[in-house]
Amino acid sequence: MSFLHKPENLKTRDIVAGAVIRRLSDGKILLLQRAKDDYYPLFWEFPRGHVKAGEEFFTGLKREVKEETNLVVVPVAKLGNFYYVCENETQKTIQKNFYCILRDEEQEIKISKEHNYYKWVGTKIEALLMCEDKLIKYVFNSFDIPLDKYS
């Protein structure tokens, strides 16, 4: 995957919804590690996935989070977008990232087969050591949101 800063010359093919999920009780953010036999093996990321054609964006975001983690989240703030192009492709994908919270922190996490592990990270340093560079700014920005802002 290559990330683009000025992708104007390519058409957008897909929309991906990214969810930086934060627990309000302790301020920790959920990261998932991709499976070793999947795309981008062992890559740490926040839950994200493709919005289906004709699907409303927030419906797709919530569906992807539910499929990957079994969690029900509330998207509360836009964090930003970035574009990328997968190998041998001539069209770009836009990833729209949102800050999401858990209203029910008793939910049980059940990660999908796309992932090996999950971890709740509590500091920017911990996230920096785990996350890919393009994703880290969205995690950092989420840590900067006051915990009581959406409680």
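When both residues are 6+ apart or on different chains and their Cβ atoms are under 6 Å apart, which pairs have a first residue that lies in the range 132-148 and is small (Gly, Ala, Ser), and a second that is surrounded by 15 or more Cβ atoms within 10 Å (Cβ to Cβ)? These pairs meet every condition: Ser142/Val20; Ser142/Arg22; Ser142/Ile29; Ser142/Tyr99. Taken over the range 93-119, residues that are in a strand (DSSP E or B), among the hydrophobic types (A, V, I, L, M, F, W, C) and over 12 Å from Gly18 (Cβ atoms) amount to 1.
Given the structure, is Lys52 without any contact (Cβ under 8 Å) to a residue 60 or more places away in the chain and either crowded, with 20+ Cβ neighbours inside 10 Å or touching a Gly at 6+ places or on another chain (Cβ under 8 Å) (or both)? Yes. Considering only residues in the range 81-114 that are at pLDDT 95 or above and under 13 Å from the mean Cα position of the chain (by Cα), the one that is surrounded by the fewest Cβ atoms within 10 Å (Cβ to Cβ) turns out to be Lys96. Restricting attention to the range 120-135, report how many residues are modelled with pLDDT under 95 and either in contact with a Lys or Arg (Cβ under 7 Å, 6 or more places away or on another chain) or in a loop (DSSP other than H, G, I, E, B) (or both). So the count comes out to 1.
Going by what's in this entry, would Lys92 be described as touching a Ser or Thr at 6+ places or on another chain (Cβ under 7 Å), among the basic types (Lys, Arg) and touching a residue at least 40 places away in the same chain (Cβ under 8 Å)? Yes, satisfied.
The values are calculated or read from the model by the stated rules, or taken from the named source; none is laboratory data. Fair warning: this is a prediction, and the values are worked out from it, not measured in the lab. Glycine also receives a Cβ, built like all others from the backbone with ideal geometry; neighbour counts cover every protein chain displayed.
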